[in-house]
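What follows is one structure encoded as structure tokens, with my remarks underneath.
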Ligand code: ADP
Ligand code: MG
């Protein structure tokens, strides 16, 4: 398959099995620089495994991943991970470290610790007051913790942002606010973003392109507008039906 030169990320025949389970089943995907892509699908469809192969937390059995034209396996993993921000599915802050230490852990492990000025800047990006730097994770709300998770992912000034169900555990109001903030940061920082979510509403409202995964494959690859117009096939349409029916039911109540 020819490699589009403008692709930030290019996956070719990516395959990964766990025993008899084909978690990733021959995926080909090109992600242009600057795009915001949502990856939607049922639990167990391979979304997390796909993200983890990109920053080498999981080694594929077959296929290749090019990041800015270079195979992700070609250099040391820590150098790769400095260029890729990762927001984990479970919030995953270190409980015995302060907010500032959590945010700075990546650069510190890389031997390039960041200063308090940069910590303050990162806190501001995710709309947390500077005073939060000294707090411990247990002193924060779920939404604040996840903001710290996003700040940590941005700490080494990445080119690519991978987020695995980043807002899944949050209340709807916090979720909506943080989703919008991340979308804005994506544009402002010139990121390429891949966001896993099981929520089609979130995917339709935040992303410019929605991939639907099922059984380790991408079964639909459409814009939100095209999905809402009926494109993408049966599995995609079953997912789109949920928010659409809810919106219709609410509109009916308002009559
Ligand atoms: P999703 O994130 O879409 O819920 P995952 O990528 O976590 O899906 O998992 C895809 C499939 O691979 C599932 O069947 C899951 O049980 C399996 N799987 C994922 N990681 C492992 C692992 N480390 N060991 C064994 N099986 C795994
Ligand atoms: Mg997952």
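The values are calculated or read from the model by the stated rules, or taken from the named source; none is laboratory data. It should be emphasised that the depicted structure is a prediction, and the values quoted were computed from it without experimental measurement. Cβ atoms come from the backbone with ideal geometry, glycine included; neighbour counts cover every protein chain shown.
Note on region 126-142: residues that are surrounded by 17 or more Cβ atoms within 10 Å (Cβ to Cβ) and closer than 22 Å to residue 84 by Cα amount to 1.
Among helices (runs of 4 or more DSSP H) entirely within region 73-173, having at least 2 residues that are in contact with a helix residue (DSSP H, G or I) (Cβ under 6 Å, 6 or more places away or on another chain), modelled with pLDDT under 90 and farther than 30 Å from residue 198 by Cβ singles out no element at all. Residue pairs whose Cβ atoms lie under 8 Å apart, separated by 6 or more positions or on different chains, with the first residue in region 89-101 and on the phi < 0 side of the Ramachandran plot and the second exposed (fewer than 14 other Cβ atoms within 10 Å of the Cβ) and in a loop (DSSP other than H, G, I, E, B), are 101/94. Taking residue 88 as the residue in question, decide whether it is more than 14 Å from ligand 1 (Cβ to nearest atom) and farther than 22 Å from residue 239 by Cβ. No, not satisfied. Annotation note: Cβ proximity below 6 Å between a residue of region 150-174 that is touching a residue at least 40 places away in the same chain (Cβ under 8 Å) and closer than 14 Å to residue 188 by Cβ and a residue that is part of a strand (DSSP E or B) and away from ligand 1 (no atom under 16 Å from the Cβ) (sequence gap 6+ or interchain) occurs for 154/85; 158/84; 158/85; 161/85; 161/193.
Close contacts from region 41-57, counting a first residue that is farther than 12 Å from residue 25 by Cβ and a second that is part of a helix (DSSP H, G or I) and more than 6 Å from ligand 1 (Cβ to nearest atom), with Cβ to Cβ under 7 Å and a gap of 6+ residues or different chains, come to 55/80; 55/81; 56/77; 56/80.
In this structure, residue 2 qualifies as out of contact with any strand residue (DSSP E or B) (no Cβ under 6 Å at 6 or more places or on another chain) and modelled with pLDDT under 90.
Residues in region 42-76 that are on the phi > 0 side of the Ramachandran plot and near ligand 2 (Cβ under 10 Å from one of its atoms): 44, 46. Against the test of being more than 16 Å from ligand 2 (Cβ to nearest atom), surrounded by 21 or more Cβ atoms within 10 Å (Cβ to Cβ) and farther than 15 Å from residue 101 by Cβ, the options 173, 150 yield a single qualifying residue, 150.
What about residue 187, is it surrounded by fewer than 16 Cβ atoms within 10 Å (Cβ to Cβ), modelled with pLDDT of 95 or more and away from ligand 2 (no atom under 16 Å from the Cβ)? Break it down into steps so the answer makes sense when it comes.
On the way: surrounded by fewer than 16 Cβ atoms within 10 Å (Cβ to Cβ): yes; modelled with pLDDT of 95 or more: yes; away from ligand 2 (no atom under 16 Å from the Cβ): yes.
Spelling it out, residue 187 is indeed surrounded by fewer than 16 Cβ atoms within 10 Å (Cβ to Cβ), modelled with pLDDT of 95 or more and away from ligand 2 (no atom under 16 Å from the Cβ).
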